[in-house]
Structures are given as structure tokens and as C-alpha cells.
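Input: a single structure, listed below in C-alpha cells.
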Amino acid sequence: MEDYALWRRLPFPGLRRGENLLRAGENLALIHGDLAVADEHVTQVILFVDERIFRPARADVMGLLEEVISRLERFGEGMATEERESVDVHYQYAVLLRRIYAEFLRNGAP
């Protein structure tokens, strides 16, 4: 529940204008978009917490989150500390979503 409460308080990671970084064959704006899709799927957890209705997304949310996390790890490799802020915020948010959704699947499964 701590992770869930944190997620509900946290704003979705943003990208500042001009922050569409290209690196390691990746585009941070595309990763950001995929994280937004995953975040939308994770909202199924709210229904479970509020009403105990277990309705997992049809999409492979855990697979999507694993892919986003892996892409962010590759994207951030070798970056200077001052460059990493946005990547780190996205990474931490994705890891939080993965923990929340994994717990949802464990607790809701019959």
C-alpha cells in the first residue's frame, strides 16, 4: 500500500521542451510515451483498491514495464550526472509501476 499511496501522489514524469534526447538508438520522448501507456494500464489497480474488483489489463503490462525499464537503463548508460535527472525520474516511476502492478497481480489472482 505504501507504493500505491506514493504513486497516487506522484505526478507523471514530465519532459521539458527541448528534452527529446536521442541516445543509444533510443528517443526519450518515445520511451516517455510507452511509460504513459503502462501508467494507464496500471490504473486498473485503483479499481481493485477501491472496490476489490480484479480486472487486469489485457495488455502485457509487466512485459511493457520491463521493456521500458531496460530501454531507460540503456539510455542512461554513460550519461553525466547532470544529464541523468529526467532519465532517472522516468526510471524510478517505471520501477514503482512494476512493483505496484506485480503486487496487484499477486493479490488479485484467484
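All of the numbers you see were taken from the coordinates with simple rules; none came from a lab. Quick caveat, the model's predicted, so the values are computed rather than measured. Note that we place each Cβ from the backbone using ideal geometry, even for glycine, and neighbour counts take in every protein chain shown.
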Dimensionless Rg over Rh [the chain; C-alpha; Kirkwood]: 1.00
The chain: DSSP helices with Cα axial extent of at least 18 Å and average Kyte-Doolittle hydropathy no lower than -1.0: 28-42, 61-76, 85-108
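Report the gain in length on full extension from S70 to E26: 0.36 nm times residue separation, minus Cα-Cα distance, nm rounded to one decimal. Write out the running numbers ahead of the final one.
On the way: separation 44, 0.36 × 44 = 15.84 nm, distance 1.13 nm.
Fully extending the segment from S70 to E26 adds 14.7 nm.
Using a 10 Å Cβ count of at most 11 others and DSSP loop calls, identify the longest part of the chain lacking such trypsin sites (Lys or Arg not before Pro).
It runs 59-110.
How much length, in nm to one decimal, is gained on full extension between D34 and E2, taken as 0.36 nm per residue of separation minus their Cα-Cα distance?
Contour length minus the Cα-Cα distance gives 9.1 nm.
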I need the P(r) histogram for the stretch 67-110: all alpha carbon pairs, bin width 5 Å from 0 out to the longest distance, whole percents. 5, 22, 25, 17, 12, 9, 6, 3, 2, 0
Quick calc, the chain, dipole around Cα centre from Cβ unit charges on Lys, Arg (+) and Asp, Glu (-), nearest 20 debye, gives 260 debye
